[in-house]
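Enquirer: Below is the structure I would like to discuss, written out as structure tokens.
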Amino acid sequence: MPSIKSSTRFVRVNSLALAFPARIRSDANRIAALLQPTLTESQGIPVNVQGEAVVIPYRIGQSFDERLFRELNHTQALMYACMLSRSHDGTVRERQIERLVRTNEPWAAPFIAQLSGEYVVEILDTIERNLGFIDREIYGDFFSRNPAYLDWTEQRMVSYWNCNYRWLRKNEDDYVGFRLFKLFRDWQFSYSGIDTKSPLGPARTV
């Protein structure tokens, strides 16, 4: 049976099927089997999806065959897109965004959330362009259940901005990452009714 070995913020997992809820575990096992031969253990991030603990992979350092989409049913194709969104290749990650934002499956939300903290600004731009397709209630619920994860992911975004883009986009409103996380905080507040302003303070404090 798949196991989870605790560490600090990350955990070690021996099955990518743990990234998805138990009710779709048979489909998840098929996707994991497509990747597992070269992956015996991976680093993952524990989150809560509608009351159930799952572990999404931080990064998958292997090549993907996107032709496999044709062999998968709808649910499996969406799961495979989730896995591709954790690829080491930023262009592969970016190609999955439109597929993932257009679903109302709650278990896809962590993968878009994770992409929102990335250093590749084109990925963040693509998410922003597709915000109209996102189910705000699903994401509000996810962020409400995972406040520490939202804090950490926002912190990653700010850190990447500080290192790579601050000289070009000095104001928060000029950088897509800040705009995304302001919306995420608003959705979290709308769903939970709890004031969830960013604990990081203004960008100049980074």
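The values are calculated or read from the model by the stated rules, or taken from the named source; none is laboratory data. Quick caveat, the model's predicted, so the values are computed rather than measured. Cβ atoms come from the backbone with ideal geometry, glycine included; neighbour counts cover every protein chain shown.
Enquirer: Can you find even one residue in region 179-190 that is buried (at least 18 other Cβ atoms within 10 Å of the Cβ) and of a type in the set (Ser, Thr, Tyr)?
Expert: Looking for residues that are buried (at least 18 other Cβ atoms within 10 Å of the Cβ) and of a type in the set (Ser, Thr, Tyr), one finds none in region 179-190, hence no.
Enquirer: In this structure, does residue 41 turn out to be modelled with pLDDT of 95 or more, exposed (fewer than 15 other Cβ atoms within 10 Å of the Cβ) and either touching a Lys or Arg at 6+ places or on another chain (Cβ under 9 Å) or within 12 Å of residue 107 (Cβ to Cβ) (or both)?
Expert: Answer is no for this residue.
Enquirer: Output yes when any residue across region 127-149 is assigned by TED's automatic domain parsing to the domain that holds residue 183, of a type in the set (Ser, Thr, Tyr), farther than 23 Å from residue 23 by Cα and touching a residue at least 60 places away in the same chain (Cβ under 8 Å), and no when none is.
Expert: Start the filter on region 127-149 by keeping residues that are assigned by TED's automatic domain parsing to the domain that holds residue 183, which leaves 127-149.
From what is left, the residues that are of a type in the set (Ser, Thr, Tyr) are 139, 144, 149.
The next check asks that each one be farther than 23 Å from residue 23 by Cα; those that pass are 149.
Still in the list and also touching a residue at least 60 places away in the same chain (Cβ under 8 Å): 149.
Yes, that holds for at least one residue.
Enquirer: Can you tell me which residue is modelled with the lowest pLDDT among those in region 54-97 that are closer than 18 Å to residue 112 by Cα and among the basic types (Lys, Arg)?
Expert: 59
Enquirer: Taking the stated definitions as given, is residue 141 of a type in the set (Asp, Glu) and surrounded by fewer than 21 Cβ atoms within 10 Å (Cβ to Cβ)?
Expert: Here the answer is no, as residue 141 does not meet what is asked.
Enquirer: Can you tell me which residues in region 157-205 are modelled with pLDDT of 95 or more, among the charged types (D, E, K, R) and either closer than 19 Å to residue 118 by Cα or not assigned by TED's automatic domain parsing to the domain that holds residue 127 (or both)?
Expert: Those that are modelled with pLDDT of 95 or more, among the charged types (D, E, K, R) and either closer than 19 Å to residue 118 by Cα or not assigned by TED's automatic domain parsing to the domain that holds residue 127 (or both): 179, 182, 185.
Enquirer: Just for helices (runs of 4 or more DSSP H) wholly inside region 57-106: which have at least 2 residues that are under 17 Å from residue 27 (Cβ atoms), more than 12 Å from the chain's Cα centre (by Cα) and in contact (Cβ under 8 Å) with a residue 12 or more places away in the chain?
Expert: By residue number, 74-84.
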